[in-house]
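One structure below.
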Amino acid sequence: MTTARIIDYLPDIYNGILPDFFEKTIPRETAATCESCAMWQPATTSGKENKTLRSFSRESKCCTHYPNIPNYLLGGFLSHKKSDDAKKILDIISNSPGHTPRGIVRPKKIQFLMENSQRSFFGRSKTLICPFFDKEKGYCTIRPFWDAVCNTWFCKYVKGYDGFQFWVAIRKYLSYVEQSLIQFAMYNLNCNPENIENLVSNEQPGPLSLGDLDDLPLDRNRYLSQWGKWAGREIEFYKKCYELVLKMTRPQFEEITGITQKINLAVVKSKYSDLFSTDLPRVLKKNSSMVEEKIEGDQYLIMGYSMIDPFLVPKKLYEILSFFDGNQDVEATCKMIKEHTGFVPDHDLLVELYRFRILTT
Ligand code: SF4
Ligand code: SF4
């Protein structure tokens, strides 16, 4: 298992302001092989489509999502990327209402479509492919200045459900940090305080307007009230947001993010320790809601905690799962398995089955 520091996964701007805890190492998420997307892989060696396993479109990978990019990360992107990758963002800044002093904001129309589509759109819909995804080259053009959601999403986790829970905690932590730093930058650049509140809450109530439907620019008065003295100088504004956060010290960060940062960090720490725990619950039972499919070579694909992170088990292992019925503890169950089959599942194997929630409490 290869490792990396948590901070290595995050935008550089967080280096030096996030607590020392982010220097800790975690397993690299090597199961999410983004360049050759793991969600393209056929589940069978023959390459036949698998009936149960979900896959994502070659055109989109998992990028059927529209991010909200914080002002300071946008400024970092604009300060560093000079290539074709910047075209889409510059286009949004010049022509679309989706750029505000808080950063790039998901359009209301896209929000509506995401909320009112079946979950199966994810990883498959052409309509919802992210505007910052380069379809031809198959990569994210704004990485590594991406937001908390894109930054912490993997389709598969080396540590199964524990990995998923860890990254969800990091996402919640970073999302809160983003909100705080967005406000910090806006406040220090003299944005209208009422606007700061409205923009940060990011609520867009009411039905879709003609402007929302047709991606029309904001009317002049709304634009001027949103941007104030920065109207027409948006790129400069975003770059200044980046510079302000870049200069931030750790004590300043702690002051700005307050007690909520500390609470969210405590949750991250708890999920972090689960990544390395090899303790098992006293009693385990086969997950009654897992999805399974027999595939070629007498193997089974089992989806325990997630339909996109399957666990491959040989028949011999599959057959012992039903001994775990929750009526006796793990030790007694293993004894019974040995008496009936001669096979003794070792502790590490049981930990893996529990991590992927094939065995549950
Ligand atoms: S995280 Fe996304 S791009 Fe990476 S392997 Fe998974 S689906 Fe593919
Ligand atoms: S911002 Fe990048 S990672 Fe996120 S959805 Fe868009 S292309 Fe994918």
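Looking at segment 122-141 only, could you name the residues that are within 15 Å of the chain's Cα centre (by Cα) and part of a loop (DSSP other than H, G, I, E, B)?
If the condition is that a residue be within 15 Å of the chain's Cα centre (by Cα) and part of a loop (DSSP other than H, G, I, E, B), then 122, 123, 130 are the ones that fit.
May I ask you to verify whether residue 295 is among the β-branched types (Val, Ile, Thr) and without any contact (Cβ under 8 Å) to a residue 24 or more places away in the chain?
In short, no.
Does residue 188 satisfy being of a type outside the set (Val, Ile, Thr), crowded, with 19+ Cβ neighbours inside 10 Å and modelled with pLDDT of 90 or more?
no
Could you pull out the residue among 149, 168 that is under 19 Å from residue 7 (Cβ atoms), more than 13 Å from ligand 2 (Cβ to nearest atom) and not in a loop (DSSP other than H, G, I, E, B)?
168
Please pick out the residue among 305, 238 that is among the aromatic types (Phe, Trp, Tyr) and closer than 20 Å to residue 14 by Cα.
238
Are there any strands (runs of 3 or more DSSP E) wholly within segment 227-339 with 3 or more residues that are touching a helix residue (DSSP H, G or I) at 6+ places or on another chain (Cβ under 8 Å), and if so which?
299-303
The values are calculated or read from the model by the stated rules, or taken from the named source; none is laboratory data. All figures in this text were calculated on a predicted structure; none of them were measured in a lab. Note: ideal-geometry Cβ built from the backbone for every residue, glycine included; neighbour counts use all protein chains shown.
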